[in-house]
Amino acid sequence: MKKIKWGCIGCGGIADRRTLPGMMLSDIAELVAVFDTNPEATARCKEKYGAKYGCATPEELLAIDEIECVYIASPVFCHLEQVKMAADAGKAILLEKPMGLTTEDAVAMKEYCEKKGVLLGVGFLMRFASFHQKMREYVQAGKLGQIVSMRGRLDCWYPKIEGAWRQQLATSGGGSMMDMAIHCVDLLQYITGLKGVEVTGFIGNQVHEYESEDGGSFTVLMDNGAFMSVDANFNAPYSRCEVEIIGTDGGLFAEGTVGQVEGGNLRFITADKETCETTVENIEVELGNMYTKEIDAFSVAYAEGSKVAPVTADDAILNQKIIEVGYKAAKERRALKVN
Ligand SMILES: NC(=O)c1ccc[n+]([C@@H]2O[C@H](COP(=O)([O-])OP(=O)(O)OC[C@H]3O[C@@H](n4cnc5c(N)ncnc54)[C@H](O)[C@@H]3O)[C@@H](O)[C@H]2O)c1
């Protein structure tokens with residue numbers, strides 16, 4: 001397969017830390033151009049990743065003919081406008097999560113890309129971690145029996161920083177739940193194939209005095225009757241994550257598998273229902289680079305002319321909607337249907 005040529009808009013944050021280094025390890029993707037509103041980030045990334053062009057505006061990058069796919073990793077409030085610009089330029093788009101400030105914006109992006117006939121995928125890359133792929137295999141093979149309960153949590157310490165876009169609702173669309181719990185929502189639905197239908201929960205600012213929430217906890221009713229609980233905190237002293245899926249025949253328990261680098265551990269726990277004697281299988285996998293896998297999967301979908309991205313806008317819209325409905329439910333102190 002010939003190398004697919006990429007441009008990157010918003011190259012100074014997660015792109016520089018993780019995604020572009022991951023792209024460098026790909027045999028089928030080549031970074032051609034970068035743009036960031038911070039010219040130092042543009043110059044640094046052009047040099048560091050050997051891109052042909054360091055652009056002064058997104059228009060300049062999108063006018064480069066040879067670019068086929070664009071990775072948009074700017075702050076959330078820029079996504080809607082930049083997706084439309086990239087679609088107008090006929091580029092396939094891999095957009096960082098969450099899609100937009102609101103579900104309405106996310107739906108508008110999906111419809112715009114469909115109208116323009118360009119592929120749109122979303123960066124829920126935790127799916128590509130080997131442990132999460134293995135969890136999906138176990139569920140699909142029926143090893144867990146009927147799924148009855150699942151949970152995901154993701155924590156970190158994120159103090160007030162003047163001007164930080166994640167800390168203001170107009171630029172982020174939400175705090176710890178929209179930024180981090182959304183990964184758990186995506187992952188649990190992806191692994192189990194179940195979909196959230198109703199949400200209730202709480203959000204608050206217990207520690208940090210910024211506009212977006214510094215912590216939250218949602219309970220989601222799934223379409224098979226199971227319960228999903230997701231928690232995310234910007235006010236925890238250390239980064240921690242756990243993902244657990246419980247079925248009538250066994251449970252999967254992962255620690256440290258949701259993060260910026262593949263790692264952690266995974267156990268499959270079964271029990272004799274009469275004696276309650278448990279058996280724990282420590283599952284081994286070969287760890288890889290999620291970012292390379294994410295870029296490769298999107299490049300292949302584009303090269304094959306697929307109309308369906310590896311992580312679809314529809315899935316990303318549902319994730320966003322669950323968080324958005326959770327916010328409303330928390331505010332109104334009740335449970336609300338997702339659709
Ligand atoms: N998939 C993941 O695990 C993951 C991890 C981190 C961030 N993200 C997502 O990536 C996106 C960016 O987050 P981040 O942590 O890198 O943010 P960041 O603030 O660290 O970096 C954003 C970069 O975009 C630049 N920028 C600002 N406005 C811009 C514009 N209009 N056009 C182009 N560039 C612009 C900034 O100068 C900065 O270099 C968000 O959607 C975030 O949710 C995803």
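Just so it is clear, none of the values below were taken in a lab; they were calculated from the coordinates. If you're wondering where the values come from, they're calculated on a predicted model, not measured in any experiment. All Cβ positions, even for glycine, are placed from backbone atoms using ideal geometry, and neighbour counts span all protein chains on display.
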Anchor K46: lysines whose Cα lies under 18 Å away (excluding residues fewer than 8 positions away in-chain): K5
Mind putting a number on the dipole of segment 87-203 about its Cα centre? Charges go on the C-beta only, +1 for Lys and Arg and -1 for Asp and Glu, and I need it in Debye to the nearest 20. 420
For V148, other-chain or 5+-apart residues with amide H closer than 5 Å (H placed, Pro excluded) are I246, G247, T248
Each residue of segment 15-24 in turn: what ³J(HN,Hα) in whole Hz from Karplus with 6.51, -1.76, 1.60 and θ = phi - 60°, glycine and Pro shown as x? 4, 6, 5, 10, 6, 5, x, x, 5, 4
Of all stretches in the chain that avoid GluC sites (Glu not before Pro) placed in a DSSP loop and having at most 15 other Cβ atoms within 10 Å, the longest is 67-161
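As a footprinting exposure proxy, order K307, K110, K48 by other Cβ within 10 Å, with the fewest listed first. Working shown, then result.
On the way: K307 10, K110 20, K48 14.
Ordered by Cβ neighbours within 10 Å, fewest first: K307, K48, K110.
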Between segment 136-161 and segment 202-223, what is the C-alpha centre distance in whole Å? 17
Vicinal HN-Hα couplings computed from phi for segment 179-187 (Karplus, 6.51 cos²θ - 1.76 cosθ + 1.60; Hz; Gly/Pro x): 7, 10, 4, 4, 5, 5, 4, 4, 5
What's log10 of I(q)/I(0) for segment 109-221 at q = 0.11, 0.13, 0.22 Å⁻¹, Debye sum over Cα points only, no solvent? -0.49, -0.67, -1.21
Of T57, I14, F77, whose Cα points farthest to the positive end of the dipole of segment 8-134 (charges on the beta-carbon: +1 Lys, Arg; -1 Asp, Glu; origin at the Cα centre)? I14
So what is the 222 nm mean residue ellipticity for the chain from helices alone, if each DSSP H run of at least 4 adds -39500 (n - 2.57) and you divide by all residues, rounding to the nearest 500 deg cm²/dmol? -9000 deg cm²/dmol
To test your reading of the geometry: what angle, between 0 and 90 degrees and rounded to tens, separates the Cα axis of helix 39-49 from the longest principal axis of the chain? 80
What list of ³J(HN,Hα) values in whole Hz, one per residue of segment 325-336 in order, does the Karplus curve 6.51 cos²θ - 1.76 cosθ + 1.60 (θ = phi - 60°) give from phi, with Gly and Pro shown as x? 5, x, 4, 5, 4, 5, 5, 8, 6, 7, 9, 10
Final fewest-first order of V122, V261, V107 on the 10 Å Cβ neighbour count is V261, V107, V122
Rounded to the nearest 0.05, what FRET efficiency is calculated for F202 and D65 with R0 set to 51 Å and r the Cβ-Cβ distance? 0.50
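Among Y112, Y71, Y190, what is the fewest-to-most ranking by other Cβ atoms within 10 Å?
Y112, Y190, Y71
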Can you give the angle from 0 to 90° between the axis of helix 103-116 and the longest principal axis of the chain, with both taken from C-alpha atoms, to the nearest 10? 50
Placing one identical point scatterer on every Cα of segment 183-235 and ignoring solvent, what is log10 I(q)/I(0) from the Debye formula at q = 0.24, 0.26, 0.30 Å⁻¹? -0.87, -0.94, -1.11
Ranking V261, Y327, V207 by how far each Cα lies towards the positive end of the charge dipole of segment 193-339 (+1 on Lys and Arg Cβ, -1 on Asp and Glu Cβ), the top one is Y327
